[in-house]
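Enquirer: Mind having a look at this structure? Questions to follow.
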Amino acid sequence: MSKYVVSLLVLTSAVNAASLGDVKHVIMLMMENRSFQHYFGTMSGVRGFADPNVQINPDGRSVWYQNVTGVTEETDWLLPYWLNYLGGEENFNKSMCLCAGANNWIPTQQAMNGGLMNKWAQVDTSQSWGYFKRQDIPWHFALAESYTIGDAYHYYFEYRSKQMVLAGCVAENLDCLPLQWPAYAQYLDEAGVDWRSFQDSYNWATNSGLFYFAAFQQAAVNSSLYQRGLAFDGDNSLASFKAAAANGTLPEVSWVFPPGALQEHPPNTPKDASWFMNQIVSAAINGPNYNETVILINYDEAGGWGDAVHPLVSPEGTAGEWFEDPYGELGYTFSGPGIRIPLFIISPFTRGGHVFTERADHSSIIQFLEEYLTARGYHNVTTGQLSDWRRDHMSNLVNAFDFENPDYSIPDLPVPDYPITNSDGEIIGMYSGFCAVEWTGSCSGSEYVTGIPYGNQTEENSLVYEDGFKGVRGYLAEGHYLVFESNGYALSNPNNTQKQFEATPANAPYNSINQRWVIHGIAAEGTTFNITSAVDGQYISQHSSLSISVTGAEIYNITYIGSSQYILQKENGDYLNIQPGGSLSFDSKPVPYSIYSVTYNS
């Protein structure tokens, strides 16, 4: 996939004013411990609670039904539920501080249950299957809908001990520090890239992790590695970042790290974190270099919050991906990817409320930096620390960008409340102000529990989602209702006795169920699909016919060609096209489509 992207970029950059090489600043901000479903399961146009390809497990139930045997006697299953379903200000304040349960290697693997993904409540807590709505996290929703959100982005996965040390090993050949291989920042430093970490002080949850590497531990105080990666701004890192953004002096690569009370790790709250994120985003998009800036916001891990989508896993024995669990509990197992987490892609080239559907993980951030810096003319910026499988199967994110059609307008984002401070004016956040619990390293006690609707759920009152649509970018993955639009018309199933599909006029908000289709992958990954109608489940078949059986279904190769455009190719090599005026044709040359991911309750 990446080789195709690079060749496409070369072809388009020659005739367009903007290209990846014209980007001059990449800003990365990693927040803490939230899953995609927990935040955006209800969002329109993403793979959430409207998922038409939701996994059905051997017991005949979808993965939405979590096993709660042994957790409660009121029911044997739990559907996703709104954390604030009880209503009221007190419950909202408490929900902001909620924890999901254990989030480390062993329990996450156990909750995934060999791919069944149905033990979140039993292994973590029932709250791990809870979610927020727009009204709970309005700034997060606004940011996603102003730019592009990735709904197939997973955290890297890893094993690690409960305690990390700055020297030595926790056990023989286990969690040995300092790390001897080069951090990616070291590649940048040696290549002459202008880079910097913006951080207040060393903190186990929010620092860049550069402290774990031997080269940084041994760096002289006056060295570039130390000054760029380890030097602190005290309490002024945010002020330093904002000043650099305002002055147009941000480096080519910036890592930004939130202070403890604002980093979203439960019991620290989404509301407080939104204030910090808004400070970073607003400074960058209102600065003089916005037209040449990319901001990537992701989350380090899911934090015990559940997600229904099983990650793509490499074949057993794949080099660099499978290993023997050093804790002796899981046996020979895969190293990742992990659970889905949010990814915000912010730039003039991702503006407009899109969903990026390519499979990605934390390695994708490094791959994007490699592509960006190579396009800038740097050499030796490709790390040797990624496996071939990750490079082949995880996106480099370049397809999220449309350099041919930038939108330089500035969104009107909501302004979050200033976080709660103590008598000295220091930010302490909601969990100290409302939950009134001193953090001891685990979430326990009634302060961290809200009501759980055991026995009072239906799919109708639990699997709720908003009406709307998003333009799709990147190679397709399952999990969406799709509208295929070209020349002002969309593929449509008239649902009549003719058993033929056609093209009918299409325009926003793309809410006709007749124009709604679902793709079904022929393999675990790839670009070939069967396509069914949301009206009656019939398959697109030979020529323009529809079939009630998969045996009569046509296989389509759906290829992303960049700039939000796709082409649909039949098994015989012909392309399915919509001509001006709305007639269907099957030709040797393609006519591009725009694709929209839609969710509607009717």
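Rule-based calculations on the coordinates, nothing more; no lab input. If you're wondering where the values come from, they're calculated on a predicted model, not measured in any experiment. For neighbour counting, all protein chains shown are included, and Cβ atoms are generated from backbone atoms with ideal geometry for every residue, glycine included.
Enquirer: How long are the three semi-axes of the equivalent ellipsoid of segment 274-369, in whole Å, if each is the root of 5 times an eigenvalue of the C-alpha gyration tensor, listed from largest down?
Expert: They are 34, 15, 12 Å, listed largest first.
Enquirer: Please give the peptides 257-268, 570-581, 523-534 ranked by average Cβ packing (other Cβ atoms within 10 Å per residue), highest first, as a rough proxy for protection.
Expert: 257-268, 523-534, 570-581
Enquirer: Can you give the Rg/Rh ratio of segment 487-602, where Rg is from the C-alpha atoms and Rh is the Kirkwood radius?
Expert: My calculation of the ratio gives 0.92.
Enquirer: Given the convex hull of the Cα atoms of segment 327-391, what is a quarter of its surface area in nm²?
Expert: For the Cα atoms of segment 327-391, the hull's average projected area reads 6.6 nm².
Enquirer: Ok, one more. Expressed in nm to one decimal, what extension gain is obtained for the pair H379 and S62 from 0.36 nm per residue of sequence separation less their Cα-Cα distance?
Expert: Length difference between fully extended and current span is 109.3 nm.
Enquirer: Within straight cross-link reach of K94, meaning Cα distance under 16 Å, which aspartates and glutamates are found once same-chain residues fewer than 8 apart are removed?
Expert: Within the straight-line limit of under 16 Å, K94 reaches these aspartates and glutamates: D136, E264, D272, E438, E447.
Enquirer: Under 5 Å between amide H atoms, partner at least 5 residues away or on a different chain: which partners does S62 have, H built in plane at 1.01 Å?
Expert: The answer is N57.
Enquirer: How large is the convex hull of the Cα atoms of segment 66-134 per residue, expressed in Å³ as a whole number?
Expert: 103 Å³
Enquirer: To continue, here is another question. Dipole of segment 479-602, Cα-centred, from +1 at each Lys and Arg C-beta and -1 at each Asp and Glu C-beta, to the nearest 20 debye?
Expert: 120 debye
Enquirer: For the chain, with the dipole built from +1 on Lys and Arg beta-carbon atoms and -1 on Asp and Glu ones, taken about the Cα centre, which of S197, P337, A246 lies farthest toward the positive end?
Expert: Value computed over the given set: A246.
Enquirer: Further question on the same structure: Cα-based Rg (one decimal) and Dmax (whole number) for the chain, in Å?
Expert: 24.1, 78
Enquirer: Taking 8 Å as the Cα distance limit and 6 or more residues as the minimum spacing, I'd like the relative contact order of segment 280-404 as a percentage.
Expert: 27 percent
Enquirer: If each residue of separation counts as 0.36 nm, what is the full-extension length gain between Y226 and Y418 once their alpha-carbon separation is subtracted?
Expert: 65.9 nm
Enquirer: Now a separate question. What's the magnitude of the charge dipole for the chain around its Cα centre, counting Lys and Arg as +1 and Asp and Glu as -1 at the beta-carbon? Answer in Debye, nearest 20.
Expert: Dipole size: approximately 960 debye.
Enquirer: What's the angle, to the nearest 10 degrees (0 to 90), between helix 237-247's Cα axis and the longest principal axis of the chain?
Expert: With both axes taken from Cα atoms, the answer is about 60 degrees.
Enquirer: List, largest first, the extents of the alpha carbons of segment 552-602 along their principal axes, each in whole Å.
Expert: That works out to 36, 30, 24 Å along the principal axes.
Enquirer: Quick one: the Cα spread of segment 266-330 along its three principal axes, in angstroms, biggest first?
Expert: 51, 32, 23
Enquirer: Assuming 0.36 nm per residue, please report the length gained on full extension of the stretch Q180 to T72 beyond their Cα-Cα distance.
Expert: Full extension of this stretch gives 34.1 nm more.
Enquirer: Order of 354-366, 476-488 by packing, highest average Cβ count within 10 Å first?
Expert: 354-366, 476-488
Enquirer: Next question. Just tell me which lysines come within less than 26 Å, Cα to Cα, of K470; anything on the same chain fewer than 8 places away is out.
Expert: Reachable lysines: K133, K271, K570.
Enquirer: A further question follows. Please give the helix 2-13 orientation as an angle from the longest Cα principal axis of the chain, in degrees from 0 to 90, rounded to the nearest 10.
Expert: 80 degrees
Enquirer: Something else: Quickly work out the Q218-to-I561 label distance, labels modelled 7 Å from Cα along the C-beta direction, and quote it in nm with one decimal.
Expert: 5.3 nm
Enquirer: In addition: Take the Cα pairs of segment 233-286, get the Kirkwood Rh, then feed it into Stokes-Einstein at 20 °C and 1.002 mPa s and tell me D in µm²/s.
Expert: Estimated via Stokes-Einstein, D reaches 182 µm²/s.
Enquirer: Counting helices only, and only those DSSP H runs with n ≥ 4, report the 222 nm mean residue ellipticity of the chain as the sum of -39,500 (n - 2.57) divided by its residues, in deg cm²/dmol to the nearest 500.
Expert: Helix contribution divided over all residues of the chain: -5000 deg cm²/dmol.
Enquirer: Give me the angle, in degrees from 0 to 90, between the Cα long axis of helix 362-375 and the longest principal axis of the Cα atoms of the chain, rounded to the nearest 10.
Expert: The angle comes out at about 90 degrees.
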